[in-house]
1. Restricting attention to region 112-133, which residues are within 29 Å of F80 (Cβ to Cβ) and surrounded by 12 or more Cβ atoms within 10 Å (Cβ to Cβ)?
2. Within region 29-43, is there a residue that is among the small types (G, A, S), within 19 Å of L124 (Cα to Cα) and without any contact (Cβ under 8 Å) to a residue 12 or more places away in the chain?
3. May I ask you to list the residues in region 133-162 that are outside any helix (DSSP H, G or I) and at pLDDT 95 or above?
4. Looking only at region 4-56, which residues are charged (D, E, K, R) and in a helix (DSSP H, G or I)?
5. Can you report the number of residues in region 121-132 which are in contact (Cβ under 8 Å) with a residue 60 or more places away in the chain and either assigned to a helix (DSSP H, G or I) or hydroxyl-bearing (S, T, Y) (or both)?
6. Among the residues of region 75-82, is there at least one that is farther than 21 Å from F157 by Cβ and among the polar types (S, T, N, Q)?
Amino acid sequence: MADFHALTGFYRFLFLYAEPISTITPAVMAWILPGEAWFWHQLIPSSSQAPLSLDDRTRMAIWQLGNCYLLLGLISSLVFRAVRDALPHDPVAQEKIVGASLTALALADVRVIVRSIVVTLIALPHEIRTDPLNWNSMTHGNISFVILLLGVRLAWFAGIGRKQYVSPTGSKKKQ
């Protein structure tokens with residue numbers, strides 16, 4: 001395996017494996033199994049049964065949401081792997097490209113936190129909103145996991161737990 005100086009240890013595990021799996025899996029679940037009706041039903045935790053089918057507009061919206069999940073997973077997975085494989089001996093270039101990708105993802109996280117998490121929390125019934133132990137995996141993915149990802153991205157930018165090859169101003173650090 002090529003050297004990947006920009007993503008080591010926990011960062012490598014999270015951004016190369018866990019995040020892509022966590023974003024590609026919902027796409028497959030929405031499209032194939034258990035399907036769009038189950039996926040739609042999981043948006044708000046409930047003990048009731050999922051509907052057998054959805055109207056065409058709702059089905060299309062769920063499929064498009066699946067497309068977004070797939071796109072996010074593929075970008076993380078394929079771009080980071082291409083950087084690792086194409087630039088194994090250039091940690092500065094690796095860090096600049098990974099940093100640009102993580103910036104885009106962090107901005108998306110902030111947008112999700114500001115808008116989607118607030119909307120999700122507003123849409124949840126009060127008894128569910130105030131009881132995270134009873135949230136389902138979809139609710140935790142939309143709230144807890146997004147906050148975790150943003151926190152880890154910010155830690156990466158701060159250089160926590162890794163060697164930095166580029167200064168915060170974008171210039172190459174002296175070795």
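The values are calculated or read from the model by the stated rules, or taken from the named source; none is laboratory data. It should be emphasised that the depicted structure is a prediction, and the values quoted were computed from it without experimental measurement. Cβ coordinates were reconstructed from backbone atoms using ideal geometry, including for glycine residues, and neighbour counts include every protein chain displayed.
1. Of everything in region 112-133, those that are within 29 Å of F80 (Cβ to Cβ) and surrounded by 12 or more Cβ atoms within 10 Å (Cβ to Cβ) turn out to be V112, I113, S116, I117, T120.
2. no
3. G159, I160, G161, R162
4. The answer is R12, E19, E36, D56.
5. Within region 121-132, the subset in contact (Cβ under 8 Å) with a residue 60 or more places away in the chain is 123-125, 128.
Okay, now just the ones that are also either assigned to a helix (DSSP H, G or I) or hydroxyl-bearing (S, T, Y) (or both), so 123, 128.
Of the residues in that region, 2 qualify.
6. no
Residue by residue, here is whether (1) part of a helix (DSSP H, G or I); (2) surrounded by fewer than 16 Cβ atoms within 10 Å (Cβ to Cβ); (3) within 12 Å of the chain's Cα centre (by Cα) holds:
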site	(1), (2), (3)
T58	yes, yes, no
Q64	yes, yes, no
C68	yes, yes, yes
G73	yes, no, yes
S77	yes, no, yes
P88	no, yes, no
Q94	yes, no, no
L107	yes, yes, yes
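Residue-wise test of (1) within 21 Å of P26 (Cα to Cα); (2) of a type in the set (S, T, N, Q).
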| site | (1), (2) |
| --- | --- |
| H89 | no, no |
| Q94 | no, yes |
| T103 | no, yes |
| A106 | yes, no |
| R129 | no, no |
| M138 | yes, no |
| N142 | yes, yes |
| V146 | yes, no |
| G151 | no, no |
